[in-house]
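Right, one structure below, let's go through it.
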Ligand code: IVH
């Protein structure tokens, strides 16, 4: 393909991809499969690799991230980013309405919107292209987080239809609850502390250096303001609808996310509806926002120093009750993380009885300054577990005991440690601390790891009680006679259990590795490590540098792996697993080999006997590496029909060996 053809093809593919992206993420009605979408995206990526100067900064390929921002530059806002004044009652709303009516001297239409609980963003579009995205900052200046915002699928990179030439969109970036819970689940699996709430996590994510991580987390954005084009519509509501034509995700009228009304009753009706229904939303809100719709009226009302007079927030009261703090206990998790839990005098809150609240960590206890017997305020916000938000100092009992974080593990009495820069305390006694020991076995037998039939948490408990096991490897020396003697264990279930353990010896290495429960080694990391090192022996002797060389393995994971392999207890477990015949190395797939190790291939064009993906998979199965663009280091170009002339030219110029499909098949069938 020559450059002119590439220009056209890139434009065509970009348009097509951006349309499919919009249909999938904004309209929720995809027309093509994920696979077909990925194929189109790969095609575009290949072309951009071949013609790097044709790759636009708003190309759909930017959605997956990759750009790193070392330092977020501080940028001035074109329009100051103000905040809203808050109200909490009907009286205050009535006052606000009366004042507005007095100033405007005519009827007013109001727009009611949700107050999304995330972080504000201003996105500038010039000539229909996303140019810059800035956080709120101090209202006058914010941080340039453009690369990260480009990964948010509901934010258009290029505008459609009759878009204005220069416009700024204001909106809220938030964490959809489903994605937030998924992220925490992953962190739990990897033994990392979970994030406390979606709002802080959204703003933390937006300021991460690696946009690829941002892309994976799945943030979302709703727009709530259009700046610089007041002349395009009579009022805010109408302009928001118009922005939908330009490609933005706007709050749906059908779900009452946005509504127009002319009366206080209408406003209160909206407020009451959402105060009740907000629990059912797939994201968090902390109130609603009421705005005067008409732009001329907005102008008359103007601004105070901090906020517009034409808008006001109504904040929902977080459900809060007070009760007595009876005791603080500590839970030890599978990874040894110690979490303080407040045991409370039972109290009704939001329809359930609350007896316990998480205190998160030592810092949180210190911040609250708790004493046993204190009357504490408990709130149920967006989080599922209620939290203590304050103490009633007037109600403190004289001479009561201050709550101090423990120094020793409540289960095994080992001295706790706290890594530098982390908030969580850990019990380091991995192999002798009962909840860690049991937790590790439960993780090992789990569905995503060894998936052992007939074995659940209860049986694990019983096996520990009977002193039959003290770690995962001990499972492999259990006998039928030992198991059948356990309480509530019939012949059949004992047989099942022994068979299940036997069958688990066939579970592939990557899942065994995940099952070992090494801190920070979740499913994906285990897969990567297994593929790269191929055996536990090789992995266990890898140096830090060798570990970090693996895609997506950073310092922290590398150190955690080394800690694990240095530990005498882990070594014993590994030896026992090895003796039992558990898979501790990758089984070569049929037809697979290592013979192309160290060789890199560029596959281009269309083939007869293989699809491109099959061909690439064959290369990987034989230890070769697929790369997308030709360089001096490329070992082979596998050239199919319709391979672009420029690729051919480049391969010839750099003297890279070109293989036809037949050459490739011959090379594959050679017995070397
Ligand atoms: S309008 C002049 N509408 O709430 C301010 N803000 O305290 C105009 N927010 O920083 C803001 N949902 O991040 C507006 N539907 C909504 C909103 C909303 C959430 C946030 C926004 C702003 C803060 C105001």
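The values are calculated or read from the model by the stated rules, or taken from the named source; none is laboratory data. Computed from a predicted model, the values in this text were never measured in an experiment. For neighbour counting, all protein chains shown are included, and Cβ atoms are generated from backbone atoms with ideal geometry for every residue, glycine included.
State which residue is surrounded by the most Cβ atoms within 10 Å (Cβ to Cβ) when the search covers only region 437-464 and only residues that are without any contact (Cβ under 8 Å) to a residue 24 or more places away in the chain and more than 26 Å from residue 530 (Cβ to Cβ). Walk me through how you get there before you give the answer.
So in region 437-464, the residues without any contact (Cβ under 8 Å) to a residue 24 or more places away in the chain come out as 447, 456-458, 460-461, 463.
From the residues that got through so far, the ones that are more than 26 Å from residue 530 (Cβ to Cβ) too are 456-458, 461, 463.
Values: 456: 11, 457: 12, 458: 10, 461: 13, 463: 22.
Per the criteria, the residue is 463.
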Would you check if there is a residue in region 621-636 being over 20 Å from residue 40 (Cβ atoms) and touching a helix residue (DSSP H, G or I) at 6+ places or on another chain (Cβ under 6 Å)?
-> yes
Among residues of region 41-72 being in contact with a strand residue (DSSP E or B) (Cβ under 8 Å, 6 or more places away or on another chain) and not in a loop (DSSP other than H, G, I, E, B), the residue nearest to residue 627 (Cα to Cα) is 46
All-but-one check, residue 394 against (1) touching a strand residue (DSSP E or B) at 6+ places or on another chain (Cβ under 7 Å); (2) free of Cβ contacts under 8 Å to residues at least 60 places away in the same chain; (3) in a helix (DSSP H, G or I), failing number (1)
Looking at residue 5, is it surrounded by 13 or more Cβ atoms within 10 Å (Cβ to Cβ), in a helix (DSSP H, G or I) and in contact (Cβ under 8 Å) with a residue 12 or more places away in the chain? no
The number of residues in region 594-635 that are exposed (fewer than 13 other Cβ atoms within 10 Å of the Cβ) and either part of a loop (DSSP other than H, G, I, E, B) or touching a residue at least 24 places away in the same chain (Cβ under 8 Å) (or both) is 10
When (1) under 16 Å from residue 450 (Cα atoms); (2) without any contact (Cβ under 8 Å) to a residue 60 or more places away in the chain are applied to residue 555, the one that fails is (1)
Within region 53-81, of all residues that are within 16 Å of the ligand (Cβ to nearest atom) and surrounded by 18 or more Cβ atoms within 10 Å (Cβ to Cβ), the one modelled with the lowest pLDDT is 81
With the first residue restricted to region 115-139 and required to be on the phi > 0 side of the Ramachandran plot and at pLDDT 95 or above, and the second required to be within 16 Å of the ligand (Cβ to nearest atom) and assigned to a loop (DSSP other than H, G, I, E, B), Cβ contacts under 8 Å at 6 or more apart or on different chains are none
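What residue, of 195, 175, is surrounded by fewer than 22 Cβ atoms within 10 Å (Cβ to Cβ) and either within 16 Å of the ligand (Cβ to nearest atom) or within 30 Å of residue 440 (Cα to Cα) (or both)? Spell out how you get there, then give the answer.
Details: 175 fails: surrounded by fewer than 22 Cβ atoms within 10 Å (Cβ to Cβ).
Answer to the check: 195.
Here are some residues: 126, 97, 111. Which one is in contact with a helix residue (DSSP H, G or I) (Cβ under 6 Å, 6 or more places away or on another chain) and more than 10 Å from the ligand (Cβ to nearest atom)? Spell out the reasoning first.
On the way: 126 fails: in contact with a helix residue (DSSP H, G or I) (Cβ under 6 Å, 6 or more places away or on another chain); 111 fails: more than 10 Å from the ligand (Cβ to nearest atom).
Just a single option satisfies the conditions, and that option is 97.
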Expected output for region 83-99 (first residue in contact (Cβ under 8 Å) with a residue 24 or more places away in the chain, partner assigned to a helix (DSSP H, G or I) and loosely packed, with under 14 Cβ neighbours inside 10 Å, Cβ below 9 Å, 6+ apart or cross-chain) is 87/95
Counting only residues in region 275-289 that are touching a strand residue (DSSP E or B) at 6+ places or on another chain (Cβ under 7 Å) and within 20 Å of residue 254 (Cβ to Cβ), the one farthest from the ligand (Cβ to nearest atom) is identified as 278
Determine if region 338-354 includes at least one residue that is part of a strand (DSSP E or B), over 30 Å from residue 79 (Cα atoms), away from the ligand (no atom under 16 Å from the Cβ) and touching a helix residue (DSSP H, G or I) at 6+ places or on another chain (Cβ under 8 Å). yes
